[in-house]
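Participant: One structure, as structure tokens, below. Some questions next.
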Amino acid sequence: MALQPLPLVANDAQPIVAKKPPVDPSTLAHKDLRRGPFWQKIPAYRGIDEAQFLDHAWQAKSSITKVSKLVETIQELVPAGFIEDLEAGMKRAPMSVRVSPYLVSLIDWEHPYEDPERTQFFPVASRLLADHPKLGLDSLHEQADAPVPGLTHRYADKALFLPLDTCPVYCRFCTRSYAIGLDTDEVEKVHLRPNDERWKRAYQYIASRPELEDIVISGGDAYQLRAQHIEEIGEALLAIPNVRRMRFATKGPAVMPMKILTDEPWLDALTRIVEKGRKLHKDVVLHTHFNNAAEITGITEAAMGKLFERGIVVRNQSVLIRGVNDSVEEMTLLVKRLGHVNVHPYYVYVHDMVSGVEDLRTSVDTAIHIEKNVRGSTAGFNTPTFVVDAPGGGGKRDAHSYEYYDRDTGISVFAAPSVKPGQLFMYFDPMHQLSTHQQRRWTDAREQQVMVEDALSKARLRAR
Ligand code: SF4
């Protein structure tokens, strides 16, 4: 819908002369949110009214976990061969499938191969690519930095607490595919179930380390925590004197925003912890994970508005994903739409080096190019930093801050002096973005060693 500019009239009725040409309506597309009963185009949801669609319990209960249920839901909408392709893809995927009716309704099932939501949540065999030889599960080495199962202490003043291992959705690209969701044909998971004893050991460790000021409560996903658990965890952490900041991390607002509108006990519990934190001068916020502008609808706007009214700050961390947000246009739209619904775009991560999703990765060069073009399109505080979460446990590094980057071999080398001084960390661009000659080199173990040693020695010369 094109928005009409208001006529410019000054107080003294003299026309105001604009210094810029009339705005291109396409630059206002971030305000144009999907509204109305859009879900009713899906055959199984034709009779679902707004009250039922907004019911978070119905969304959770009706989530798609099997191909047969997807077929029942979308029926004849998809092109021939797609379902077989999906079945074959699911057999090879590291993550199980769980997709809410909300997300199912956002997908253009007549063109599922190009759809950004299908791309993120439903694997299809025909699009899978062979893993880069340097890929692996738990590429961030979270388990190696965990003093207690489910508590990673890597940065000086911050810890990552994983109270549970389930999410309202399972993302194909999950960094924690080693632990999150059900076992798949490909991966037997490390389980992190809610467990009082394990949680208490985590609190004890946090209390024993005066340098720990900032705790991320992730998972899994804080949406899956019962209201009572939000309060228990919140109270326990707020009671630790050294804890100054907490973030509840959830993908929920992107995949099931109606929970904010209809799960009052959960939102009230979160609000109480945020308010208690404020009285103690401790910062409690929500971190979420939108990847594509289509995920932000009128329902999201209402949900984020409710959080805003309650004074709950929401920040967003996106993953840069091929076919989802790896263009300047799409990323700019996402960033501006997030700002429009009062969500701060905080980080964009270059896709982690996770097995089984090579088709989703992009290069460090792509991230740098997009960042350059997005910066300046909106206020600086609403512009995300593009980072590489350095494989091997180096932590988040600004994508521009590499010590050395060889765009031909796709190797970038990062240092992390405040996290792991003296060490170097490498990121490897996906092979499909390299020349045929370089791709061939990566198939030869000796050549791999030559490329890696060359990159490391050049990085050592430059590192300061
Ligand atoms: S919501 Fe987060 S933790 Fe859960 S599957 Fe997706 S990326 Fe992984």
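The values are calculated or read from the model by the stated rules, or taken from the named source; none is laboratory data. Since the model is a prediction, treat every value here as computed from it, not as a measurement. Here Cβ is always computed from backbone atoms with ideal geometry, including for glycine, and neighbour counts include all displayed protein chains. Side chains included, ligands, DNA and RNA excluded: accessible areas come from the protein's heavy atoms. Shrake-Rupley method; radii C 1.70, N 1.55, O 1.52, S 1.80 Å.
Participant: Let's test this: bin the Cα-Cα distances of region 14-83 at 10 Å from zero up to the farthest pair and state each bin's percent.
Facilitator: 14, 31, 22, 14, 10, 8, 1
Participant: Protein chains only, probe 1.4 Å: how do R407, R441, R118, R464 rank by accessible area, largest first?
Facilitator: Largest accessible area first, the residues go R464, R407, R441, R118.
Participant: Once you put a point 7 Å from the Cα of L261 and another 7 Å from the Cα of K19, both along the Cβ direction, what distance in nm separates them?
Facilitator: According to this spin-label approximation, the distance is 4.1 nm.
Participant: Where only protein heavy atoms count, and the probe is 1.4 Å, what is the accessible area per residue for the chain in Å²? Numbers along the way, then the final one.
Facilitator: Numbers: 20610 Å² over 464 residues.
Averaged over the residues of the chain, the accessible area is 44 Å².
Participant: Ignoring ligands and nucleic acids, what accessible area does I16 show with a 1.4 Å probe (Å², nearest 10)?
Facilitator: Accessible area of I16: about 90 Å².
Participant: Give the ranking of D214, D268 by solvent-accessible surface, highest area first, calculated with a 1.4 Å probe.
Facilitator: From most accessible down to least: D268, D214.
Participant: Give the separation of the Cα centroids, region 417-464 to region 371-397, in Å.
Facilitator: Rounded to whole Å, the Cα centres lie 21 Å apart.
Participant: Express in Å², to the nearest 10, the accessible area of S26 obtained by rolling a 1.4 Å probe over the protein heavy atoms while all chains stay in place.
Facilitator: Accessible surface of S26 is approximately 80 Å².
Participant: Show log10 I(q)/I(0) for region 40-167 at q = 0.09, 0.12 Å⁻¹, two decimals, from a solvent-free Debye sum over equal Cα scatterers.
Facilitator: Scattering profile of region 40-167, log10 relative to I(0): -0.38, -0.63.
Participant: Less than 13 Å apart at the alpha-carbon level, and either on another chain or at least 8 residues along: which aspartates and glutamates does that give for K282?
Facilitator: Leaving aside aspartates and glutamates fewer than 8 places away in the same chain, those within reach of K282 are E213, D214, E235.
Participant: Evaluate the distance, in nm, between pseudo-label points positioned 7 Å from the Cα of S401 and of Q423 along their respective Cα→Cβ axes.
Facilitator: Result: 1.6 nm between the two label points.
Participant: Express the carbon and sulfur contribution to the solvent-accessible surface of the chain as a percent, rounded to the nearest whole number, probe 1.4 angstrom.
Facilitator: Working: 10600 of 20610 Å².
Exposed carbon and sulfur together represent 51 percent of the surface.
Participant: Then there's this: Hey, how much of the P(r) for region 206-248 falls beyond 12 Å, as a percent of Cα pairs? Walk me through the numbers on the way to the answer.
Facilitator: Details: 525 of 903 pairs.
Distances greater than 12 Å cover 58 percent of the Cα pairs.
Participant: Given H placed 1.01 Å from N in the peptide plane, which residues other than close sequence neighbours of G220 have an amide H under 5 Å from its amide H?
Facilitator: Hits under the 5 Å cutoff: T166.
Participant: I would also like to ask the following. Near K372, which aspartates and glutamates are there with a Cα under 15 Å away, not counting those fewer than 8 places off in the same chain?
Facilitator: Here the aspartates and glutamates satisfying the reach criterion relative to K372 are D326, E329, E330, D398.
Participant: Too long at a 31 Å Cα-Cα cut-off: which of K31/K251; K66/K336; K19/K251; K279/K306?
Facilitator: Over 31 Å apart, Cα to Cα: K66/K336; K19/K251.
Participant: On full extension of the chain, what length is gained from E84 through S327, given 0.36 nm per residue of separation minus the C-alpha to C-alpha distance?
Facilitator: 84.5 nm
Participant: Normalised by the empirical 2.2 N^0.38 Å for globular proteins, what value does the Cα Rg of region 214-291 take?
Facilitator: For region 214-291, the normalised Cα radius of gyration comes out at 1.04.
Participant: On average, how much area does the Cα convex hull of region 248-404 cover when viewed from any direction, in nm²?
Facilitator: Answer in nm², one decimal: 10.4.
Participant: So, one more: Give me the accessible area of R440, 1.4 Å probe, in Å² rounded to the nearest 10.
Facilitator: Here the residue's solvent-accessible area equals roughly 150 Å².
Participant: Follow-up question, since we're still on this one. Determine the calculated [θ] at 222 nm for the chain from helices alone, applying -39500 (n - 2.57) to every DSSP H run no shorter than 4 residues and normalising by the residue count; nearest 500 deg cm²/dmol.
Facilitator: Taken over the chain, the calculation gives -9500 deg cm²/dmol.
Participant: In addition: Using heavy-atom solvent-accessible surface (probe 1.4 Å) with all chains present, what is the largest-first order of T152, T166?
Facilitator: Listed by decreasing accessible area, they come as T166, T152.
Participant: Using the Kirkwood radius built from alpha carbon pairs, what does the Stokes-Einstein equation give as D for the chain at 4 °C and 1.567 mPa s, in µm² per second?
Facilitator: So the translational diffusion coefficient is about 55 µm²/s.
Participant: Right, here's the next one. Taking K396 as the anchor, which lysines have their alpha carbon closer than 16 Å to its alpha carbon, excluding any fewer than eight residues away along the same chain?
Facilitator: K158, K420
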